[in-house]
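Single-structure report; data block below.
The values are calculated or read from the model by the stated rules, or taken from the named source; none is laboratory data. Every value quoted in this text rests on a predicted model; they were computed, and no experiment measured them. Glycine gets a Cβ as well: all are built from the backbone with ideal geometry, and neighbour counts include every protein chain shown.
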Amino acid sequence: MTPRSPLIDTDGAAALIEPLTRYVAQAAAAILAVDRSGMGLQDKIDGSPVTEADLAADRILADGLARLVPEIPAVSEERLARAMPPYDNSFFLIDPLDGTREFVAGRSEFTVNLALVNNGTPLLGIIAAPALGLIWRGLVGRGAERLSIGGRGAGAQAMKAEPIHTRPFPPSGQPWIAAVSRSHGDSQTDSFIDARPGAVRQTLGSSIKFTAVAEGTIDIYPRLAPTHEWDVAAGHAIVTAAGGKVTDGFGTDLRFGGGMRDFIVPAFIAWGDASQAR
């Protein structure tokens, strides 16, 4: 069993958010510095792709966290062999390049995801969209915001913070907008959306779907098929901080780091209007 790590409270997380945002901005810059046309591409054991951009971003985040909070464990998609669940108290969940398929295909919807999880619940989340020059971040209980990325390489940083909020669910009779995945569709999610007459689908890649919910441009983001904790945790924190809620497929709170095989999340729904979560 993993030794118990310290617990970072909300004030402690607030003190970390600026350096953590800087590391995420630097990881985003490192991804953009990679020549997509000439990079190597490999398949991991689970069949998902990994590139030198994934690894470059992961190194920046790992080194930064080791300097900033060496006592807090970090679980990264690219270093999963080192993970030792279950995790008590605080730990970080990282996806250094979410949407690798989008990145390889030359699209702009790929992200860097970093979350601080406390006692199984995401407390702080940061998502960067390198190609869009944007960062979203949220601290539960303290709000969420969108920032622009300025600078390059080690000098990359986030600027011009603007508060963001989820929106109320559309009144009865008005269509609501559902985010759907470009690369990972499934029949259960399709049935969930089809059961809501007039629902409008908006196709997006990577964790940008969570940020759209947090900004109030999307009403709901359901994924009723398995994914991984590092794909969900940062978006979970940002949506929650912005006024929404993220549950499993039955309206129950999600738990992270508890030792689920391969850090699998069987299903989730991100609700812009927390009062509708059920």
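Of the residues I177, I149, which is touching a Pro at 6+ places or on another chain (Cβ under 9 Å), under 30 Å from P226 (Cβ atoms) and surrounded by 14 or more Cβ atoms within 10 Å (Cβ to Cβ)?
Residue meeting the stated conditions: I177.
Could you tell me whether D248 is closer than 22 Å to L123 by Cα, without any contact (Cβ under 8 Å) to a residue 40 or more places away in the chain and surrounded by fewer than 24 Cβ atoms within 10 Å (Cβ to Cβ)?
Spelling it out, D248 is indeed closer than 22 Å to L123 by Cα, without any contact (Cβ under 8 Å) to a residue 40 or more places away in the chain and surrounded by fewer than 24 Cβ atoms within 10 Å (Cβ to Cβ).
For (1) modelled with pLDDT under 90; (2) part of a helix (DSSP H, G or I); (3) hydrophobic (A, V, I, L, M, F, W, C); (4) surrounded by fewer than 11 Cβ atoms within 10 Å (Cβ to Cβ), each residue gets a yes or a no:
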| site | (1), (2), (3), (4) |
| --- | --- |
| M1 | yes, no, yes, yes |
| G12 | no, yes, no, no |
| I17 | no, yes, yes, no |
| L20 | no, yes, yes, no |
| A25 | no, yes, yes, no |
| A28 | no, yes, yes, no |
| D35 | yes, no, no, yes |
| G38 | yes, no, no, yes |
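Return the pair list, or none, for Cβ contacts closer than 6 Å from residues in segment 73-97 that are in the same structural domain as T21 (by TED's automatic domain parsing) and under 21 Å from A129 (Cα atoms) to residues that are part of a strand (DSSP E or B) and charged (D, E, K, R), at least 6 apart or on different chains.
Partner pairs satisfying both residue conditions: E77/D95.
As an exercise: evaluate T217 against (1) part of a loop (DSSP other than H, G, I, E, B); (2) surrounded by 23 or more Cβ atoms within 10 Å (Cβ to Cβ); (3) at pLDDT 95 or above and give the number of the one condition it does not meet.
Exception for T217: condition (2).
Residue check: is A234 surrounded by fewer than 24 Cβ atoms within 10 Å (Cβ to Cβ), modelled with pLDDT of 95 or more and either of a type in the set (S, T, Y) or not in a loop (DSSP other than H, G, I, E, B) (or both)?
Judged against the criteria, A234 is not a match.
Which numbered condition trips up A131, out of (1) out of contact with any strand residue (DSSP E or B) (no Cβ under 8 Å at 6 or more places or on another chain); (2) exposed (fewer than 14 other Cβ atoms within 10 Å of the Cβ)?
(2)
Please report, ordered by residue number, the strands (runs of 3 or more DSSP E) entirely within segment 134-198 with at least 2 residues that are over 16 Å from L20 (Cβ atoms).
Of the strands (runs of 3 or more DSSP E) lying wholly inside segment 134-198, those with at least 2 residues that are over 16 Å from L20 (Cβ atoms) span 143-150, 157-164, 177-181.
Do you know which of the residues in segment 180-213 that are of a type in the set (G, A, S) and under 26 Å from D95 (Cα atoms) is surrounded by the fewest Cβ atoms within 10 Å (Cβ to Cβ)? Spell out the reasoning first.
Of segment 180-213, the ones of a type in the set (G, A, S) are 181, 183, 185, 187, 191, 195, 198-199, 205-207, 212.
After this cut, where a residue has to be under 26 Å from D95 (Cα atoms) as well, the list is 181, 183, 185, 187, 205-207, 212.
Values: S181: 18, S183: 14, G185: 12, S187: 10, G205: 22, S206: 29, S207: 30, A212: 22.
Step by step, filter segment 180-213, then rank; the result is S187.
Which of the residues belonging to segment 89-108 are surrounded by 22 or more Cβ atoms within 10 Å (Cβ to Cβ) and among the acidic types (D, E)?
D95, D98
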